[in-house]
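Engineer: First the structure, which I've put down as structure tokens, then a few questions once you've had a look.
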Ligand code: NAP
């Protein structure tokens, strides 16, 4: 409210989207209006129609500008074209605005009966949204071997861990669990775990634990009520957040937010459901719930609780529910459900809304993130070679090549398992070998970083005269610690 007593409205970019999108968006707008939610819409376009008009990303410049101006968007599902266009408009938006925190609340809703009803499920999954294998850096290494880079960064891990702790405090939650595969991927997934352990002590009022992601999936089904906030990397989060949504009624009712330092985008988890599009049958609960998250994000707590309670009581009383939540043949359409929620505005359900405080991400500087260790040395290189030789033949050939160089062949692995020198294991070989050469005398690196390059070039030239190589990885040591992993089987 400003000084004259007028309620100030927050401008939000509205994206009605594709398929059932416009139907659930319109329903949300109607409920917001009836609840006097302090929102002013700036409507914009993205998705299927844009692809058809030749916008390669599915998101035209005006839409990007609108979101950049407002810093807020409520987005209905966008279709990803199959057979043309290529890019996903959803991913474009996430990456363009660096919306790194995907927040997926999972709470048992009244009247939505599932095999887990009554367990008191009430958790939030905080998924890193832009890094990991989803960076999409993929290469065919040989005609039969594909590679995808799993990139995880210290700032990427730190900001998502901080987001999880910040959210837990804002929602007065009690525990944050970090779920990783750090036991196998010690450098990438391990980075998330180490960051969690480093940042955690700054939040002494929150209980904290770590769980291996596969056990997390298991525990989510065995005893989901034990979880409060789970923070995890992109692909882990993608999978367990859908699993968790399934525990409380499925994707059709699940909301999410995508938060970044400069913009926030709120959306339903489900897609455009083309089978029921245009029929007036869609359930607007997920998008409406995303809208409620957005109201809390801007501090409009009163409107958020009013709408949430009207939704809860509508679901609890079970009158006028859409087909997906009703016994076969008893569902109503989107409009009748929306009317019912509007009629219930002002009533309270038996399920209280959670206590929220304003939650803001820790803003990150727009600089290139860089950490310089005190000491760095170059200890070797991995050269990835395409070959149909046996491991023994390849090993002997590379040992001969390395003889008059500053390197020695340390070993060869195939899909991460040492095959030369032989270990006695029974590894199936593909034509893609990681050949590890160590410097006979490791090279301390100074700021010029040029050290070691003539030696590497010399070795690679010699290898290239006899074999096809795809790429090279430098093996470094930072502050006395090896900055690389060893293959399975290496002693
Ligand atoms: P989907 O659109 O979520 O639909 C799967 C099924 O779920 C629907 O056929 C429908 O089941 C049910 N459903 C989903 N939302 C519902 C709602 N609000 N009310 C009632 N029922 C609902 O998944 P999809 O068919 O895999 O994807 C379709 C398109 O959406 C694709 O182009 C995909 O790329 C896109 N997509 C977009 C997003 C996004 O924008 N974030 C997310 C996922 C998918 P019944 O047929 O049984 O009624």
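None of the figures in this text is laboratory data; all of them are computed from the coordinates on show. What you see is a predicted model; the values in this text were computed from it and never measured. Glycine also receives a Cβ, built like all others from the backbone with ideal geometry; neighbour counts cover every protein chain displayed.
Engineer: How much of the DSSP beta bridge set in the chain is antiparallel, as a percent to the nearest 5?
Structural biologist: Beta bridges within the chain, antiparallel portion: roughly 65 percent.
Engineer: Also, I was wondering about something else. Over what distance in Å are the Cα centres of segment 263-281 and segment 46-103 separated?
Structural biologist: 14 Å
Engineer: Express in whole angstrom the spacing between the alpha-carbon centres of segment 305-353 and segment 448-484.
Structural biologist: Segment 305-353 and segment 448-484 have Cα centres spaced 63 Å from each other.
Engineer: Would you please put 37-45, 234-242 in order of how densely packed they are, using the mean number of other Cβ atoms within 10 angstrom per residue and starting with the highest?
Structural biologist: 234-242, 37-45
Engineer: Quick one: grab the alpha carbon gyration tensor of segment 1-146, order the square roots of its eigenvalues as a ≥ b ≥ c, and give me rounded if a/c is under 1.5, else prolate or oblate depending on whether a/b is larger than b/c.
Structural biologist: oblate
Engineer: Ok, one more. Roughly what % of DSSP beta bridges within segment 175-289 run antiparallel, to the nearest 5?
Structural biologist: 35 percent
Engineer: Could you tell me the center-to-center distance, by alpha carbons, between segment 193-242 and segment 369-390 in angstrom?
Structural biologist: A separation of 32 Å, based on Cα centres.
Engineer: Report, in degrees rounded to the nearest 10, the 0 to 90 angle that the Cα long axis of helix 188-199 makes with the longest principal axis of the chain.
Structural biologist: 60 degrees
Engineer: Assuming a ≥ b ≥ c are the square roots of the Cα gyration tensor eigenvalues, decide whether segment 114-251 counts as rounded (a/c under 1.5), prolate (otherwise, with a/b larger than b/c) or oblate.
Structural biologist: Taking the square roots of the gyration eigenvalues as a ≥ b ≥ c, segment 114-251 is oblate.
Engineer: Next up: Please state, rounded to one decimal and in Å, the Kirkwood hydrodynamic radius that the chain gives when every pair of distinct Cα atoms enters the mean of 1/r.
Structural biologist: 25.3 Å is the Kirkwood radius here.
Engineer: May I ask for the angle, rounded to the nearest 10°, between helix 453-464 and the longest principal axis of the chain, with both axes built from Cα atoms and the value confined to 0 to 90°?
Structural biologist: 80 degrees
Engineer: Taking the Cα atoms only, what angle lies between the long axis of helix 391-402 and the longest principal axis of the chain, rounded to 10 degrees?
Structural biologist: Long axis of 391-402 versus the principal axis of the chain: about 60 degrees.
Engineer: Same structure, new question: For each of 61, 436, 162, 328, count neighbouring Cβ atoms within 10 Å of the residue's Cβ, then give the residues from fewest to most.
Structural biologist: Taking fewest neighbouring Cβ atoms as first place, the list is 328, 61, 162, 436.
Engineer: Just want the ordering: 148, 178, from fewest to most Cβ atoms lying within 10 Å of their own Cβ.
Structural biologist: Arranged by neighbour count, lowest to highest, 148, 178 become 148, 178.
Engineer: While we're on this one: Which value at 222 nm does the chain reach when only helices count, each DSSP H run of 4 or more adding -39,500 (n - 2.57), with the total divided by all residues and rounded to the nearest 500 deg cm²/dmol?
Structural biologist: Estimated from H runs of four or more residues: -9500 deg cm²/dmol.
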